1. How much length, in nm to one decimal, is gained on full extension between Ile11 and Lys138, taken as 0.36 nm per residue of separation minus their Cα-Cα distance?
2. Express in nm, to one decimal, how much length is gained between Asn74 and Thr31 on full extension, taking 0.36 nm for each residue of separation and deducting their alpha carbon distance.
3. Please give the residues of segment 29-64, grouped as numeric ranges, whose backbone N is less than 17 Å from a label point set 7 Å along the Cα-to-Cβ vector of Lys89.
4. Counting other Cβ atoms within 10 Å, keep those with at most 14, restrict to DSSP loop, and tell me which trypsin sites (Lys or Arg not before Pro) in segment 22-115 are left.
5. Calculate, for segment 136-250, the solvent-accessible area per residue in square angstrom, rolling a 1.4 angstrom probe over the heavy atoms of the protein chains.
6. Which value in nm describes the separation of the simple spin-label points at Ala173 and Asn261, placed 7 Å from the Cα toward the beta carbon?
7. What whole-number distance in Å separates the alpha-carbon centres of segment 213-261 and segment 87-128?
8. May I ask you to evaluate 6.51 cos²θ - 1.76 cosθ + 1.60, the Karplus curve with θ = phi - 60°, for each residue of segment 42-49 and list the ³J(HN,Hα) values in order in whole Hz, giving x for glycine and proline?
Amino acid sequence: MKKMTIILIIILSIIIFSAVWAVFIEPYTLTVNRVNIDDNSLKGLKIVFASDFHIKPYEMFRLKRIVTAINKQNADIILLGGDYVNGHKKGRSMTIAKIAEELSDIQSKYGTYAVIGNHDGWQGKKECITELEKHNIKVLFNENKCFEKFCIAGVDDLQTGVPDIGKALSNIAKPVILVTHTPDIMPDVPYSVNLTLAGHLHGGQIRLNQAIITPSIYGNKYANGYLNDKGKKIYTTKGLGTSILPVRFNCPPEIAVITFN
């Protein structure tokens, strides 16, 4: 009987610790995931990709930490994957004006470029675009921007708009990186795209050996990390915030630092 009691106490302690970790600790950690991809046409380029911020009204400390971590990477260009605001209604989120103002402190050689996520769309896509661009963050809304040796393209959100990949990639002849909020557009992405960057899935937020559930019609295929799918290359970030359930377990928030050989 005493042995059984000890076992129950141990099990209960593990459950309590796991719950505390998943709600109060892991969601507020921040990791830097370094990814190296073989692509000679983009050799030497260094990208920081961040997505799914979901900043709550009281989380200025978390937003500032993210900006500081991004700036420490000394990237050539910063790409943002959407969902800057939190929840479906504005009262559950820091205002996009404050978020954009803080994100304007991000520094890089070529600047910061962004796409819009579903939460941004639900809370006001036009306002989100206006505030981001007012703070020198260019939103790629089914369009592209080319530099001397590469181009970046971005599409509208799949849930709240119409991602027009053809329009986003129009008049591009150089190596191109495509940014989308959700990876579910991948079947329509042409092989000519060197790399697609996506978010939205949060890595599942709760992972054991893999994500328990992901909001994708393709299940866990694009759940997180780098995937070369028969020549189509994609990196899906675990993101930075939480949605629906305010928990993360074995799935810490991340910014991705992507370099090319």
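1. Values: separation 127, 0.36 × 127 = 45.72 nm, distance 5.03 nm.
Contour length minus Cα-Cα distance gives 40.7 nm.
2. Working: separation 43, 0.36 × 43 = 15.48 nm, distance 1.60 nm.
Fully extending the segment from Asn74 to Thr31 adds 13.9 nm.
3. Correct set: 56-58.
4. Values: sites: Arg34, Lys43, Lys46, Arg62, Lys64, Arg65, Lys72, Lys89, Lys90, Arg92, Lys98, Lys109; in loops: Lys43, Lys72, Lys89, Lys109.
Here the trypsin sites (Lys or Arg not before Pro) that fit, given the DSSP loop and packing criteria, are Lys43, Lys72, Lys89, Lys109.
5. Values: 5130 Å² over 115 residues.
For segment 136-250, the per-residue accessible area is 45 Å².
6. About 3.0 nm, to one decimal.
7. Here the answer is 20 Å between Cα centres.
8. Coupling constants for segment 42-49: 10, 3, x, 6, 10, 10, 10, 10 Hz.
The values are calculated or read from the model by the stated rules, or taken from the named source; none is laboratory data. Predicted model only: the values in this text are computed from it and were never measured. Quick reminder, even Gly has a Cβ in these numbers, built from the backbone with ideal geometry, and neighbours come from all protein chains shown. Each accessible area value is taken on the protein alone, full model and side chains, heavy atoms only, with ligands, DNA and RNA left out. Shrake-Rupley method; radii C 1.70, N 1.55, O 1.52, S 1.80 Å.
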